[in-house]
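Beneath this line is the structure, given in structure tokens, with notes to follow.
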Amino acid sequence: MAEKIENIGKREIAWSYAGTAFMIGAGVLLLPFILHKMSQETVGVWNIFQTITFLVLLLDFGFRPTFARNISYIFSGVKALQKEGVVQTTADAEVDYSLLKGTLAAMRRFYRWIAITVFALLATAGTAYFYYILQKYTGDKQDAMIAWVLLIAINCYNLYTLYYDALLTGKGYVKRCQQINMLGQAVYIGLAIGLIYAGLGLTAIVASQLVSTIIRRVLTYRVFFTPELKAHLAVADTQDPKQILGAITPNAIKIGLTQLGGFLVNKSAILIGSAFLTLEEVACYGITLQVMDILARCGTVFYQSYLPKLAQCRAENDMNGLKRYYLLCTGSLLLIFAVGGLMWIFLGDWALDLIGSQTHFVPTAMLCVMLLISTLEHNHAVSAGFIMADNKIPFFIPSLVSGAATVLLLWLFLSTFHWGIWGLILAPGIAQIAYQNWKWPSVVIKELMSEGMKE
């Protein structure tokens, strides 16, 4: 029997919430050890590490979500991949294993070259930047440099095998993906805590991440490449990888430009702010941003779980399914931000005092504004995902414009007005609310409403 996209029902959604809760809970378990055992300066460097890792992933340039979406199309039964739009199929269509085999070859070839590029960039320009940061670091510089070398290793390996994530996502392996992530996170947390108490500092965190990543990749390969799938691939011809990359690349580049704009909006504040603010201020803003990211992950569980189904609905032209998923995704996002935000406002500082943290969240007024900005940001991101499921990327130019505007506003607010952390918060918020926050939700709502009127 031919393999198809896995069914995503209540059990898979429950696993998504369980996996997200575990990942967050494990992260919260590690956070007190980091905040208690490490100085504010070290926490600031750790935040810079995380920002660099996010920046490195941008070199994927939109191919991972594009590959994942096209894997979903293939397992939905499409017989060809297009530069824009989706070849319509039916629910009982067979999987084209020749197309799948060619796509796998294209993915391997692409990520091999990306990993080589990342190594060259981090070993040269990245090391020069980090050496500059270390000039004002009063902690253990040897530990920081060892951690930097390991960070280069983990980023190169992670990119080399990044297409594994696209395979699981595209096939709809929600439950198994969560199980693998939970196991990997458990290894990471347990090893990191042990190494932190062994006195390894930043090295403890990065080395643990490397071990965890290797474990996840090995298990992911075994889950996706089942004996049945291997048997189908062994006898299938290989469609030309160059032709497949030619069909995938235009929209992948658009997604990559969108992600670059998103990075400039959401993450550039840490890198730019580190040049104007103290490492203590960077740590305060950075730790708030990390918890905000955790809240956003909880709010987008439904959306992330249903991504392969969105692609399938587009391929089968199932507008009723899209409407149902849109209400579930946006409703859960808004509810979790409202409830989680209120709990954070009233209990956040108390929780940090309870664990004896050397780093605290931003003041309440700043936190409220950050919560509003993040809610609007992720609401329009979910809407953009529904548009992208139709293999159309109309938002890459607005994303770049928003990113450029954020950088300009950051420079103005920090260097001219000297607004400090307020500048880090307001710059991306102003850039996004000018257009993207309202544009993409209105586009999706208009499409879904017009289809409803036709019926």
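The values are calculated or read from the model by the stated rules, or taken from the named source; none is laboratory data. Keep in mind that this is a model prediction, so the values were computed, not measured. Here the Cβ positions follow ideal geometry from the backbone for every residue, glycine too, while neighbour counts run over all protein chains shown. SASA here: full protein model, heavy atoms, side chains in, ligands and nucleic acids out. Shrake-Rupley method; radii C 1.70, N 1.55, O 1.52, S 1.80 Å.
Once phi is turned into θ = phi - 60°, what whole-Hz ³J(HN,Hα) does the Karplus curve with 6.51, -1.76 and 1.60 give for every residue of the stretch 331-345, x standing for Gly and Pro?
Rounded to whole hertz, the list is x, 5, 4, 5, 5, 5, 5, 5, 5, x, x, 5, 4, 5, 4.
Rounding to the nearest 10 and keeping the result within 0 to 90°, find how far the Cα-based axis of helix 141-160 lies from the longest principal axis of the chain.
In the chain, helix 141-160 runs at an angle near 10 degrees to the longest axis.
Would you mind telling me the share, in percent, of accessible area of the chain contributed by carbon and sulfur at probe 1.4 angstrom?
Carbon and sulfur together cover 67 percent of it.
Could you state how much accessible area E228 has, in square angstrom rounded to the nearest 10, with a 1.4 Å probe and all protein chains kept in place?
Looks like 80 Å² after rounding.
Per-residue counts of other Cβ atoms within 10 Å, averaged by peptide: what ranking do you get for 326-335, 95-104, highest first?
Values: 326-335: 17.2, 95-104: 21.1.
Most protected by this proxy first, the peptides run 95-104, 326-335.
Sum up the charges of everything whose Cβ sits under 15 Å from the Cβ of Q239, counting Lys and Arg as +1 and Asp and Glu as -1, but leave Q239 out.
Value of the local net charge: +2.
In whole angstrom, how long is each semi-axis of the equivalent ellipsoid of the stretch 75-116, when you take the square root of 5 times every eigenvalue of its Cα gyration tensor and sort them from largest down?
Numbers: eigenvalues 127, 29, 9 Å².
Computed over the stretch 75-116, the values are 25, 12, 7 Å.
Just grab the label-to-label distance for K392 and H360, each label 7 Å out from Cα along the Cβ direction, in nm (one decimal).
Each label point lies 7 Å from its Cα, and together they span 5.0 nm.
Expressed as an acute angle from 0 to 90° and rounded to the nearest 10, what is the orientation of the C-alpha long axis of helix 396-411 relative to the principal long axis of the chain?
0 degrees
Taking the Cα centre of the stretch 160-279 as origin, work out the dipole magnitude from +1 charges on Lys and Arg Cβ and -1 charges on Asp and Glu Cβ, in debye rounded to 20.
Using only the charged Cβ atoms, the result is roughly 160 debye.
Just how large is the dipole of the chain about the Cα centre, in debye to the nearest 20, putting +1 at every Lys and Arg Cβ and -1 at every Asp and Glu Cβ?
I would put it at about 720 debye.
Which value, in Å³ per residue, describes the convex hull spanned by the Cα atoms of the stretch 252-293?
Convex hull of Cα atoms, per residue: 62 Å³.
Lys/Arg Cβ at +1, Asp/Glu Cβ at -1, dipole of the chain taken about the Cα centre: which of L354, M343, T127 is farthest positive-ward?
T127
Which ³J(HN,Hα) values in Hz, rounded to whole numbers, follow from the phi angles of the stretch 298-312 under the Karplus curve 6.51 cos²θ - 1.76 cosθ + 1.60, where θ = phi - 60° and Gly and Pro get x?
Running phi through 6.51 cos²θ - 1.76 cosθ + 1.60 with θ = phi - 60° gives 5, x, 9, 4, 4, 4, 5, 5, 8, 3, x, 6, 4, 5, 5 Hz.
Mind checking which of F413, L328, G201 is farthest towards the positive end of the chain's charge dipole, using Cβ charges of +1 (Lys, Arg) and -1 (Asp, Glu) about the Cα centre?
Projecting each Cα onto the dipole axis, the largest value belongs to L328.
Please grab the % of Cα pairs in the chain that end up more than 43 Å from each other.
Distances greater than 43 Å cover 12 percent of the Cα pairs.
Give the accessible surface of the stretch 339-455 per residue, rounded to a whole number of Å², with probe radius 1.4 Å and ligands, DNA and RNA excluded.
Accessible surface, normalised per residue, equals 49 Å².
Can you give the extra length, in nm with one decimal, that the chain gains between L233 and Y137 once fully stretched, where that is 0.36 nm per residue apart less the Cα-Cα distance? Don't jump to the answer; show the numbers that get you there.
Values: separation 96, 0.36 × 96 = 34.56 nm, distance 5.26 nm.
That pair, L233 and Y137, stretches by 29.3 nm at full extension.
Which Cα, out of L229, Y306, A247, lies furthest along the positive dipole direction of the stretch 208-327 (beta carbon charges, K/R +1, D/E -1)?
Of the candidates, L229 comes out farthest on the positive side.
Rounded to the nearest 500, what is the chain's calculated 222 nm mean residue ellipticity when only DSSP H runs of at least 4 contribute -39500 (n - 2.57) each, over all residues?
After summing the helix terms and dividing by the residues of the chain, the value is -27000 deg cm²/dmol.
Under a plain spin-label model, where a point goes 7 Å from the Cα along Cα-to-Cβ, how far apart in nm are V369 and M449?
Label at V369, label at M449, 3.2 nm between them.
Any idea what log10 I(q)/I(0) is at q = 0.14, 0.18 Å⁻¹ for the stretch 112-185, Debye with uniform C-alpha scatterers and no solvent?
Results for the stretch 112-185 at q = 0.14, 0.18 Å⁻¹ read -0.63, -0.82.
If you average 1/r over all unlike Cα pairs in the stretch 325-451 and invert the result, what Kirkwood radius do you get in angstrom?
Radius from the Kirkwood sum: 16.5 Å.
Find the relative contact order for the chain and round it to a whole percent, using C-alpha pairs within less than 8 Å whose residues are 6+ positions apart.
25 percent
Please list, short to long, the whole-number percent of alpha-carbon pairs of the stretch 313-400 in consecutive 10 angstrom bins beginning at zero.
Once binned at 10 Å, the Cα pair distances of the stretch 313-400 give 14, 33, 26, 17, 9, 1.
Taking every pair of Cα atoms in the stretch 140-232, average 1/r, invert it to obtain the Kirkwood radius, and report Rg/Rh to two decimals.
Details: Rg = 15.5 Å, Rh = 14.4 Å.
Taking Rh as the inverse mean 1/r over Cα pairs, Rg/Rh reads 1.08.
List the relative contact order of the stretch 361-455 as a percent without decimals, with contacts defined as Cα pairs under 8 Å and 6+ residues apart.
On the way: 56 pairs, mean separation 36.2, N = 95.
Computed over the stretch 361-455, the figure is 38 percent.
Assuming 0.36 nm per residue, please report the length gained on full extension of the stretch F346 to R222 beyond their Cα-Cα distance.
Taking 0.36 nm per residue and subtracting the Cα distance, the gain is 40.2 nm.
Could you give the Stokes-Einstein D for the stretch 301-359 in µm² per second, using the C-alpha Kirkwood radius, 10 °C, 1.306 mPa s?
Once the numbers are plugged in, D ends up at 114 µm²/s.
Using Cα-Cα distances under 8 Å and only pairs 6 or more residues apart, what relative contact order does the stretch 149-253 have, in percent?
RCO, the stretch 149-253: 32 percent.
Under unit Cβ charges (Lys, Arg +1; Asp, Glu -1), what dipole magnitude, rounded to 20 debye, does the stretch 382-455 have relative to its Cα centre?
Roughly 140 debye, rounded to the nearest 20.
What spacing in nm lies between the two simple spin-label points modelled at T127 and N320, each 7 Å away from Cα in the Cβ direction?
6.1 nm
In whole angstrom, how far apart do the alpha carbon centroids of the stretch 41-118 and the stretch 223-256 sit?
Cα centres, the stretch 41-118 to the stretch 223-256: 10 Å.
Could you order the peptides 165-178, 61-74 from most to least packed, using the average number of other C-beta atoms within 10 Å per residue?
Highest mean packing first, the order is 61-74, 165-178.
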